[in-house]
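Novice: Before I ask anything, here is the structure I am working with.
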Amino acid sequence: MSRSAFPHRWRRLPAATAAGVALLLLAGPATAGTAAPPNGEQETPIVLERSADEQADVVEVLVDGTAQLDELVATGVDLDHDVTHTDQGIVVHAVVTPTEVAALKRMGYRVGAVLHDAADSAQRITERDATIAAHQAENQAYTATLARNATASDVKIIRADYYTSGSNQVLSVEAKWAQGQTSTSTLTVARDSGPGTEIGSGGTQAISRFVDAGVYLYHRGAATVTARPQRIQITSPTGDVAVAEVKEWLPIPADSPEGPGYQKDFVTSYLTPTELYDRIKRLAAEYPQLAEVVELPYKTNGYRRKAQVVLGTANTNRVAVDSLAWGHEGGNDISVELADPGAADRPLAVTVTGKAIRVSLATNADGAVTSTAAQVAAALTAEAGALVKAYTYRGDAGAGVVAPAASTPLSDNLKAPAGVSRDPQPVYAIRIGKYRDGSRTGVLAYAQEHAREWVPPLVSIETAERLLRNHATDENTKQLLRTLDIWIVPSINPDGGHYSFYDYASQRRNMTNHCPAGGATDALARNSWGVDNNRNYTEYSLFDGYSGASASCTSDTYAGPSELSEPENRNVDWLAQRPNMKFSMNLHSSGNYFMWSPGAYATPGRISAPRPTLADESFFWGASSRILTAIKRHRNMAVTPARTGPISDVLYSAAGNSGDMLWYKYGIYAWNFEVGTSFQPTWDEAHQETMEFSNGLVELLRVARDFDKDKKRPTSTLSVEPSPTEGMVSVRFDVSEPAAVFYTLDGGRPTFGSTLYASAGIREGGETLTVPAGTKVHWFSVDAAGNIERNYRPDDDSKTFNRGWATLPTG
Ligand SMILES: [Zn+2]
């Protein structure tokens with residue numbers, strides 16, 4: 001199917017034209033890397049900085065609320081994807097070194113338990129080596145019903161979801177209260193205990209306000225229950241009442257989409273990027289009719305560094321020395337000695353013998369050394385400039401007298417075995433499908449934008465294996481490969497991935513050092529470099545004034561020097577440009593989230609990137625509930641309703657993320673997994689997560705296949721109800737599947753330029769229009785695959801649109 005067949009006319013509004021963007025640009029991006037203390041006291045800004053020889057831990061940080069969370073994000077601190085709202089505040093997981101923990105505490109943050117430390121990572125490596133040796137289409141009608149029932153009440157139940165997770169039974173409720181912005185009251189939910197029982201007989205639970213960036217969104221909360229409730233009731237503090245039916249979230253149908261003999265379970269250990277690429281090359285060689293390996297157009301900057309050393313102990317007397325050659329190309333052979341000549345009145349002198357550099361320091365009449373760091377750096381650059389450049393520490397004047405130092409080798413500090421290439425690294429995708437000519441609907445799955453997330457690449461490999469190894473025997477799989485053009489990139493960021501496996505387990509970003517001269521360019525900053533590949537894209541980015549990315553070259557959310565500055569990101573952009581690309585999954589860990597756009601907002605004001613239309617949001621929810629049900633099949637682990645939805649609704653703002661680029665720039669239905677519970681879980685857990693999220697990824701392929709086969713036209717109806725306002729009526733449209741409705745109220749022909757029926761609000765169903773009784777309503781609906789109701793052709797003189805009157809049914 002070609003892109004032109006998609007109904008982008010009604011979906012693709014020009015991006016970044018929202019008035020809020022211009023407003024925010026005036027405010028400018030937050031200064032990253034520094035922050036005022038959260039209590040507001042004025043102090044010297046504290047800089048978050050890690051030293052090179054310490055590993056990072058995953059620790060809990062407790063913040064009062066979302067305002068303080070935004071401040072924490074603005075420090076550039078490295079947060080993983082876990083954000084838990086508790087009665088005491090919000091608990092987030094930060095990936096920080098002891099030095100950074102100390103800085104956070106000085107800023108006034110409360111730091112809690114250590115959840116994962118370097119020893120855990122080391123243990124995973126050991127384990128791995130040992131192993132090697134050995135969300136809601138079905139709910140749409142329900143939401144619509146509730147919205148109608150609740151129009152007269154100041155409280156409205158948005159969702160009431162019952163589900164099992166492990167052996168727990170859970171009821172999750174979301175409701176909007178008209179006073180939620182100003183009143184801090186919780187809401188009390190009363191449950192029945194099953195069909196025909198009294199409200200309240202199943203107990204009660206409180207749900208609390210969800211406020212983000214100062215804006216009230218809704219109340220939410222989950223509680224364990226002992227029986228599946230049929231109905232709930234909320235009585236608001238003003239005495240208004242709302243009642244809703246409880247829906248089952250992710251019920252597992254009895255029939256399995258996997259036929260008898262379906263093969264799975266193909267991964268036996270964590271895999272490095274080199275191993276991931278070897279694996280897809282072997283697979284493609286084994287199935288040449290069905291798959292090929294494609295080298296993406298942009299090589300990374302490479303798992304390589306200049307050889308470096310910092311001599312000295314204090315900022316004033318430190319001399320930093322960098323090789324001109326890469327470490328593996330001779331830089332690592334260079335050494336520097338700062339020698340005390342042991343005699344009075346000697347001049348500063350530099351001699352170079354092969355790659356050994358000897359600095360004879362100047363002395364005074366008493367024989368004491370007098371050379372300063374600035375003098376030594378200048379002499380080194382002047383006399384040994386063919387081998388190295390030398391500089392004082394991070395812009396310091398370097399007036400301190402240096403300490404003599406024995407001959408010290410420079411090093412790139414890279415510990416991967418020689419089998420890991422130090423050259424710019426080609427990034428590989430495996431392309432799977434019987435017809436790989438662009439004629440089939442494209443689906444993209446890509447993993448490891450974030451280097452330390454070791455499970456998502458395995459999900460991609462497991463999925464590729466399932467597709468190829470079941471093709472010969474499983475009719476469903478055969479159909480997927482016949483109808484789809486599947487691109488799987490197991491590691492987008494191989495340099496960072498290798499660095500995470502061999503050098504610094506907590507590495508999140510790529511390895512490219514963009515810090516300017518005079519900044520953190522020296523060896524001691526080597527674990528602080530890199531661009532966050534999931535903040536370097538083009539839509540709603542830091543450069544557009546959006547929140548949740550940093551301009552600091554040492555921040556773990558560093559957006560890079562400009563949009564798409566990084567080869568890793570240009571590769572994703574290249575893939576997304578393919579005209580047949582229609583669906584994508586960006587695989588991350590952790591937190592068991594399942595998300596889509598919008599993924600960013602601007603502060604203050606929480607000005608969001610545009611929300612999807614009601615039709616698209618319905619499609620996202622419907623497809624999501626299929627995908628999450630497939631995940632749950634593996635071991636009854638439920639991704640919760642509270643962790644399903646737009647990124648900026650359920651997590652935090654992430655300016656310049658890839659999902660937003662794919663959705664806003666290319667119109668691709670783009671989802672994001674946050675797999676599992678930690679970056680590098682024990683192998684048993686990693687294995688389980690791989691199996692369950694591969695179920696989900698295969699289900700996405702089935703969603704894409706069904707979309708491709710969808711030739712069914714939607715149908716829609718007009719419903720009219722009394723309005724509290726005299727002479728007016730309340731009007732709503734109901735559709736048979738996720739579909740957009742265009743309407744006119746002036747008797748004109750409806751076209752794609754007519755008014756688009758909208759959502760009533762975040763996580764709600766369709767709006768209620770209030771119109772004069774007797775208004776003539778003309779409309780048509782169009783589904784996500786472009787099928788138009790009753791074969792109406794809005795662009796010519798076709799007359800098969802729907803006609804109705806906004807009048808109450810008589811009788
Ligand atoms: Zn991630």
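Novice: Is it fair to say Asn332 is in a loop (DSSP other than H, G, I, E, B), modelled with pLDDT of 95 or more and of a type in the set (S, T, N, Q)?
Specialist: no
Novice: Counting only residues that are hydrophobic (A, V, I, L, M, F, W, C), give me the strands (runs of 3 or more DSSP E) lying completely in region 151-263 with at least 3 of them.
Specialist: Working: elements: 155-165, 168-177, 187-191, 203-212, 215-224, 231-235, 241-245.
Of the strands (runs of 3 or more DSSP E) lying wholly inside region 151-263, those with at least 3 residues that are hydrophobic (A, V, I, L, M, F, W, C) span 155-165, 168-177, 187-191, 203-212, 215-224, 241-245.
Novice: When residues of region 591-609 are filtered for being within 16 Å of the ligand (Cβ to nearest atom), in contact with a Ser or Thr (Cβ under 6 Å, 6 or more places away or on another chain) and assigned to a strand (DSSP E or B), how many remain?
Specialist: 1
Novice: Let me ask something additional. In the set Asp746, Asp734, Asp706, which member is closer than 24 Å to Ile668 by Cβ and of a type in the set (Asp, Glu)? So that I can check it myself, show each step before the final result.
Specialist: On the way: Asp746 fails: closer than 24 Å to Ile668 by Cβ; Asp734 fails: closer than 24 Å to Ile668 by Cβ.
Step by step, each of Asp746, Asp734, Asp706 is checked, and only Asp706 is closer than 24 Å to Ile668 by Cβ and of a type in the set (Asp, Glu).
Novice: Now, a different point. Looking only at residues in region 505-541 that are away from the ligand (no atom under 16 Å from the Cβ) and aromatic (Phe, Trp, Tyr), which one is surrounded by the fewest Cβ atoms within 10 Å (Cβ to Cβ)? Write out each step before concluding.
Specialist: Quick first cut of region 505-541, residues away from the ligand (no atom under 16 Å from the Cβ) only: 511-529, 538-541.
If we keep only those that are aromatic (Phe, Trp, Tyr) as well, we get 529, 540.
Working: Trp529: 21, Tyr540: 34.
Among residues in region 505-541 that are away from the ligand (no atom under 16 Å from the Cβ) and aromatic (Phe, Trp, Tyr), the one surrounded by the fewest Cβ atoms within 10 Å (Cβ to Cβ) is Trp529.
Novice: Could you list, in sequence order, all residues of region 558-590 that are within 29 Å of Gly696 (Cα to Cα), out of contact with any Lys or Arg (no Cβ under 7 Å at 6 or more places or on another chain), away from the ligand (no atom under 16 Å from the Cβ) and outside any helix (DSSP H, G or I)?
Specialist: If the condition is that a residue be within 29 Å of Gly696 (Cα to Cα), out of contact with any Lys or Arg (no Cβ under 7 Å at 6 or more places or on another chain), away from the ligand (no atom under 16 Å from the Cβ) and outside any helix (DSSP H, G or I), then Gln577, Arg578, Met581, Lys582, Phe583 are the ones that fit.
Novice: Given the criteria assigned to a helix (DSSP H, G or I), under 19 Å from the mean Cα position of the chain (by Cα) and surrounded by fewer than 24 Cβ atoms within 10 Å (Cβ to Cβ), does Arg482 qualify? I'd like the intermediate steps shown before the answer.
Specialist: Values: assigned to a helix (DSSP H, G or I): yes; under 19 Å from the mean Cα position of the chain (by Cα): no; surrounded by fewer than 24 Cβ atoms within 10 Å (Cβ to Cβ): yes.
Taking the combined requirement at face value, the residue does not satisfy it.
Novice: Checking Ile280 against (1) touching a Pro at 6+ places or on another chain (Cβ under 7 Å); (2) among the hydrophobic types (A, V, I, L, M, F, W, C); (3) at pLDDT below 95, which test does it fail?
Specialist: All conditions are met except number (3).
Novice: I'm trying to understand the selection: among the residues of region 302-329, which are of a type outside the set (D, E, K, R), on the phi < 0 side of the Ramachandran plot and not in a strand (DSSP E or B)? Even if it seems obvious, please write down each step before you answer.
Specialist: Filtering region 302-329 down to residues of a type outside the set (D, E, K, R) leaves 302-303, 307-317, 319-321, 323-328.
In the following step, the residues that additionally are on the phi < 0 side of the Ramachandran plot were identified as 303, 307-311, 313-317, 319-321, 323-328.
Tyr303, Thr313, Ala314, Asn315, Thr316, Asn317, Gly327, His328 - these are the residues of region 302-329 that are of a type outside the set (D, E, K, R), on the phi < 0 side of the Ramachandran plot and not in a strand (DSSP E or B).
Novice: Name the one entry in Glu685, Glu737 that is modelled with pLDDT of 95 or more and charged (D, E, K, R).
Specialist: Working: Glu737 fails: modelled with pLDDT of 95 or more.
Step by step, each of Glu685, Glu737 is checked, and only Glu685 is modelled with pLDDT of 95 or more and charged (D, E, K, R).
Novice: Let me ask another. Identify all residues within region 76-109 that are acidic (Asp, Glu) and farther than 13 Å from Ala56 by Cβ; write none if there are none.
Specialist: Initial filter on region 76-109 (acidic (Asp, Glu)): 78, 80, 82, 87, 100.
Matches in region 76-109: Asp82, Asp87.
Novice: If the Cβ limit is 7 Å and pairs must be 6+ apart or interchain, which residue in region 66-81 that is at positive phi pairs with which residue that is aliphatic (A, V, I, L, M) and away from the ligand (no atom under 16 Å from the Cβ)?
Specialist: The qualifying pairs are Gly76/Ala32; Gly76/Leu48.
Novice: Which members of region 59-99 meet the condition of being crowded, with 16+ Cβ neighbours inside 10 Å and over 26 Å from Tyr601 (Cβ atoms)?
Specialist: Val59, Thr97
Novice: Give the residues of region 298-337 that are surrounded by fewer than 23 Cβ atoms within 10 Å (Cβ to Cβ) and of a type in the set (Phe, Trp, Tyr), sorted by residue number.
Specialist: Matches in region 298-337: Tyr298, Trp326.
Novice: While we're here: Might you let me know whether region 610-624 holds any residue that is more than 16 Å from the ligand (Cβ to nearest atom), touching a Pro at 6+ places or on another chain (Cβ under 9 Å), among the β-branched types (Val, Ile, Thr) and within 29 Å of Asn787 (Cα to Cα)?
Specialist: No, region 610-624 has no match at all.
Novice: While we're on this one: Give the residue that is nearest to Ser658 (Cα to Cα), with candidates limited to residues of region 567-604 that are within 12 Å of the chain's Cα centre (by Cα) and of a type in the set (Ser, Thr, Tyr).
Specialist: First pass over region 567-604, keeping only residues within 12 Å of the chain's Cα centre (by Cα): 585-600.
Among the residues that remain, those that are also of a type in the set (Ser, Thr, Tyr) are: 589-590, 593, 597.
Values: Ser589: 15, Ser590: 17, Tyr593: 16, Ser597: 10 Å.
Result: Ser597.
Novice: Name every residue in region 764-776 that is closer than 11 Å to Arg732 by Cα and either among the β-branched types (Val, Ile, Thr) or surrounded by fewer than 16 Cβ atoms within 10 Å (Cβ to Cβ) (or both), in order of residue number. First the steps, then the outcome.
Specialist: Kept after step one, since they are closer than 11 Å to Arg732 by Cα, are these residues of region 764-776: 765-771.
The answer is Thr768, Thr770, Val771.
Novice: Taking the conditions exactly as written (away from the ligand (no atom under 16 Å from the Cβ) and under 30 Å from Ser555 (Cβ atoms)), does Leu444 satisfy them or not?
Specialist: So Leu444 fits the description; yes.
Novice: Being within 16 Å of the ligand (Cβ to nearest atom) and part of a loop (DSSP other than H, G, I, E, B) narrows it down to one of Ser421, Ser439, Ser500, Ser491, so name that one. I'd like the intermediate steps shown before the answer.
Specialist: Working: Ser421 fails: within 16 Å of the ligand (Cβ to nearest atom); Ser439 fails: within 16 Å of the ligand (Cβ to nearest atom); Ser500 fails: part of a loop (DSSP other than H, G, I, E, B).
Of Ser421, Ser439, Ser500, Ser491, the one residue that is within 16 Å of the ligand (Cβ to nearest atom) and part of a loop (DSSP other than H, G, I, E, B) is Ser491.
Novice: Could I ask something else about it? Considering Ser562, Ser584, which residue is crowded, with 21+ Cβ neighbours inside 10 Å, modelled with pLDDT of 95 or more and hydroxyl-bearing (Ser, Thr, Tyr)?
Specialist: Working: Ser562 fails: crowded, with 21+ Cβ neighbours inside 10 Å.
Answer to the check: Ser584.
Novice: Ok, one more. Quick one: would you say Thr473 is surrounded by fewer than 22 Cβ atoms within 10 Å (Cβ to Cβ), hydroxyl-bearing (Ser, Thr, Tyr) and at pLDDT below 95? Give the steps one after another, and end with the answer.
Specialist: Values: surrounded by fewer than 22 Cβ atoms within 10 Å (Cβ to Cβ): yes; hydroxyl-bearing (Ser, Thr, Tyr): yes; at pLDDT below 95: yes.
Judged against the criteria, Thr473 is a match.
Novice: Taking into account only those residues within region 641-683 that are farther than 29 Å from Pro604 by Cα and out of contact with any helix residue (DSSP H, G or I) (no Cβ under 6 Å at 6 or more places or on another chain), which is surrounded by the most Cβ atoms within 10 Å (Cβ to Cβ)?
Specialist: Only one residue tops the list, namely Phe679.
Novice: Then there's this: Taking strands (runs of 3 or more DSSP E) that do not extend beyond region 629-737, which have at least 1 residues that are more than 19 Å from the chain's Cα centre (by Cα)?
Specialist: Working: elements: 644-646, 669-674, 716-722, 728-735.
Hits in region 629-737: 716-722, 728-735.
The values are calculated or read from the model by the stated rules, or taken from the named source; none is laboratory data. Note that the structure is a prediction, hence the values are computed from the model and not measured. We place every Cβ from the backbone using ideal geometry, glycine too, and count neighbours over all the protein chains shown.
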